[in-house]
């Protein structure tokens, strides 16, 4: 099962499995996205990956790479989204 937001694949199933193995974060948005909840907005998805998961990832380069892929896909699909300076 892919991690999606409004029909956009944010992370593939394999990427999602790798992320969840490496990252310990309890996020209602991440859970909702993994269940395919159509109410999750692109902005919520973006903040979840950029801030919540990004902070939880700390120095794990693999997690940051996975998050960057997801953020890139969201940015391409929703051009108004931009990364935080954090």
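The values are calculated or read from the model by the stated rules, or taken from the named source; none is laboratory data. From a predicted model like this one, the values you see are computed outputs, not experimental measurements. In this analysis, Cβ positions are derived from the backbone assuming ideal geometry, glycine residues included, and neighbour counts consider all displayed protein chains.
Below is a table of values for the structure above.
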| read-out | value |
| --- | --- |
| Residue under evaluation residue 33, criteria (1) under 10 Å from the mean Cα position of the chain (by Cα); (2) more than 16 Å from residue 2 (Cα to Cα); (3) surrounded by 18 or more Cβ atoms within 10 Å (Cβ to Cβ), criterion not met | (2) |
| Pick from segment 29-43, criterion more than 18 Å from residue 13 (Cβ to Cβ), in contact with a helix residue (DSSP H, G or I) (Cβ under 9 Å, 6 or more places away or on another chain) and not in a loop (DSSP other than H, G, I, E, B), ranking: modelled with the highest pLDDT | 42 |
| Some residue of segment 69-83 being in contact (Cβ under 8 Å) with a residue 12 or more places away in the chain, crowded, with 17+ Cβ neighbours inside 10 Å, in a loop (DSSP other than H, G, I, E, B) and over 10 Å from the mean Cα position of the chain (by Cα) | no |
